[in-house]
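The values are calculated or read from the model by the stated rules, or taken from the named source; none is laboratory data. Here the structure is a predicted model, which means the values were calculated and not measured. Backbone-built Cβ (ideal geometry, glycine too); neighbour counts: all protein chains shown. These area figures cover heavy atoms from the full protein model, side chains too; ligands, DNA and RNA do not enter into them. Shrake-Rupley method; radii C 1.70, N 1.55, O 1.52, S 1.80 Å.
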Amino acid sequence: MRWEDFQKWFNRDFWRAFRHRPFPIAVPQSPAAREAAVRKVFDDIASAQYAASIPEAEIVANKGHGVARTIPVFCIEDYIVFYFCIKELETVLCGNRTPNTFGGWALGGKMRKLEDIDVDCDTGFSGSRYSFNPRAWMQAFGEFNSLLFAQIDVGNYSHVLQFDLSNFYDCVRLDILERWIREESDASKGWVIALLFYFLNQWNRRNTGLHPQGVGLPQDALADCSRILANFYLQKYDAFASHLCTKADTLYFRYADDQMILLKEPIHTDRLMLLLTRHLDRFGLRVNQKKVDLWTAKQLQIYRCRSIQAIFAKKGDNQDKVLIRKFAQAYLDMPQKELQKTWNGGLPLLNRLLWAKLETLSKTLFERLVSRYTDDSYLLRASFEKLQRVAVLNRKRKKPVNLTKKLSELGDASVHNAFHYEVLYFAKNSKNKKLAAHFRTRLGTINKLVEHNVVS
């Protein structure tokens, strides 16, 4: 290993991923300190002294009904190692893609502001939030949806079979993954692969003890490295699924572990599911049987609210006051019971409107819409960026809500610290010292509750 080959990956593309992040991680700030950190990791690897650390912190998100999703935050040294390994293997990991499959885009790339891209696929708390480049996540999801609905719009397919995998990341077998990467890689990359799987085997030893982890990829606070590995793990299945669907005169689509098969008629559904689930068994993967849906094309269009989404058809449409009013009115006209039955309870529609020029709406429409953004359910799922936008809109109301008080009350009632980290970062950026102090204290209390298993 040469220093020149190692350090070349740690340019601005790497370091900017740690800017404007709500999660706790110590990152060197000056160029000299950053180079010194990379040099130390290089020296530790070269001298066989590198050891994976236990995560610095854990973000705990509410997946629904209080169920916790734990997101580890690695130390900067471990991120340097993980990122280096993926960049060295990126050509292998991100190549050989089956058509209509998404999730394996390369690391890096130009980061853009959220409002600069089409956000019709911003579904809320999702994989896009914790990523080296959240905008790339949504762009790829947007491309997936565009291709999917373009095929449906042609009218050749009457039904859509949709399903996803149960606990996908937790079920990836590391022995199989390592074997496949070695089969595809040049022999000169053998030591990089060894380093990668040393890290993957050891990072979770707080839970595994002396036993190396044999199954599961980390869904960490910058999870693009794991995402690329997870996507690679599905490539052999993709080839099988796509070939099988072609034989059945159907069309296969996949984004991450969410799969959709376009059918001209539903008669092959059971046979397809039989063969696909049996093939997934070989890799230790299972279909989530509670999330298997067979839609008619019309039902899926209604579920995804495509008629409303189509109002913002082109870039910049969300700045056109006529189209903004049409979109907002269509959203607000939907009865709550009907809205709750749509994709993610209508949250993608609300998120898409957030970045529109809502100030052009009538006072009545503006007030009705902003009341949705200041509702508890929306605030609890909002990132700090969304909180910043909500704060701007709230100040323009005739009678703004006391957002500091509302957020504090929500924080006191919530035990999932992902919300607290987002609000704390929002408070710091807003220079709201009172709110920041309140959430620092609350985070300390929550950490003690978890550490000591306190229920009451």
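Observations
- From Arg440, Arg368, Arg397, residue being out of contact with any strand residue (DSSP E or B) (no Cβ under 9 Å at 6 or more places or on another chain), open to solvent by 50 Å² or more (accessible area, probe 1.4 Å) and more than 20 Å from Ala61 (Cα to Cα): Arg368
- Taken together, the residues in the range 181-218 that are open to solvent by 20 Å² or more (accessible area, probe 1.4 Å), within 25 Å of the chain's Cα centre (by Cα) and within 12 Å of Val92 (Cβ to Cβ) amount to 0.
- Test: Leu294 is in contact (Cβ under 8 Å) with a residue 40 or more places away in the chain, on the phi < 0 side of the Ramachandran plot and either in contact with a strand residue (DSSP E or B) (Cβ under 6 Å, 6 or more places away or on another chain) or open to solvent by less than 30 Å² (accessible area, probe 1.4 Å) (or both): yes
- Some residue of the range 227-238 being in contact (Cβ under 8 Å) with a residue 40 or more places away in the chain, in a loop (DSSP other than H, G, I, E, B), under 16 Å from Asn100 (Cα atoms) and not aliphatic (A, V, I, L, M): no
- Selection of the range 187-219 for residues being under 20 Å from Asn231 (Cβ atoms) and either in contact with an Asp or Glu (Cβ under 9 Å, 6 or more places away or on another chain) or assigned to a helix (DSSP H, G or I) (or both) yields Lys189, Val192, Ile193, Leu196, Phe197, Phe199, Leu200, Trp203, Val215, Gly216, Leu217, Gln219.
- Condition broken by Leu424, with the remaining ones in (1) under 30 Å from Gln329 (Cα atoms); (2) buried (at least 16 other Cβ atoms within 10 Å of the Cβ) satisfied: (1)
- Taking first residues from the range 125-150 that are among the acidic types (Asp, Glu) and partners that are at pLDDT 75 or above and surrounded by 19 or more Cβ atoms within 10 Å (Cβ to Cβ), the Cβ contacts under 7 Å between residues at least 6 apart in sequence or on separate chains come to Glu143/Phe102.
- Candidates Asn288, Asn344 - the one that is touching a strand residue (DSSP E or B) at 6+ places or on another chain (Cβ under 6 Å), open to solvent by 20 Å² or more (accessible area, probe 1.4 Å) and in contact (Cβ under 8 Å) with a residue 60 or more places away in the chain: Asn288
- Ser53 passes every criterion in (1) of a type in the set (S, T, N, Q); (2) in contact (Cβ under 8 Å) with a residue 24 or more places away in the chain; (3) within 30 Å of Glu143 (Cβ to Cβ) apart from (3).
- Which numbered condition Thr91 fails, given (1) buried (at least 17 other Cβ atoms within 10 Å of the Cβ); (2) out of contact with any Leu (no Cβ under 9 Å at 6 or more places or on another chain): (1)
- Count of residues meeting criterion [charged (D, E, K, R) and open to solvent by less than 10 Å² (accessible area, probe 1.4 Å)] in the range 219-250: 3
- Look at (1) assigned to a strand (DSSP E or B); (2) among the hydrophobic types (A, V, I, L, M, F, W, C); (3) open to solvent by 60 Å² or more (accessible area, probe 1.4 Å) and you find that Phe253 fails only one, number (3).
- Selected residue (criterion: nearest to Tyr233 (Cα to Cα)) from residues of the range 151-161 that are open to solvent by less than 50 Å² (accessible area, probe 1.4 Å) and out of contact with any Pro (no Cβ under 9 Å at 6 or more places or on another chain): Val160
- Checking the stated criteria, Leu349 turns out to be touching a Ser or Thr at 6+ places or on another chain (Cβ under 9 Å) and free of Cβ contacts under 8 Å to residues at least 60 places away in the same chain.
- Only residues that are free of Cβ contacts under 8 Å to residues at least 40 places away in the same chain and either hydrophobic (A, V, I, L, M, F, W, C) or open to solvent by less than 100 Å² (accessible area, probe 1.4 Å) (or both) were counted in the range 307-322, giving 10.
- Single match in Asp164, Asp170 (criterion: in a helix (DSSP H, G or I), touching a residue at least 12 places away in the same chain (Cβ under 8 Å), under 26 Å from Ala418 (Cα atoms) and open to solvent by 20 Å² or more (accessible area, probe 1.4 Å)): Asp170
- From Leu358, Leu339, residue being more than 30 Å from Leu424 (Cβ to Cβ) and either surrounded by 21 or more Cβ atoms within 10 Å (Cβ to Cβ) or of a type outside the set (Lys, Arg) (or both): Leu339
- Qualifying residue in the range 10-17 (condition: loosely packed, with under 14 Cβ neighbours inside 10 Å, out of contact with any strand residue (DSSP E or B) (no Cβ under 6 Å at 6 or more places or on another chain) and basic (Lys, Arg)): yes
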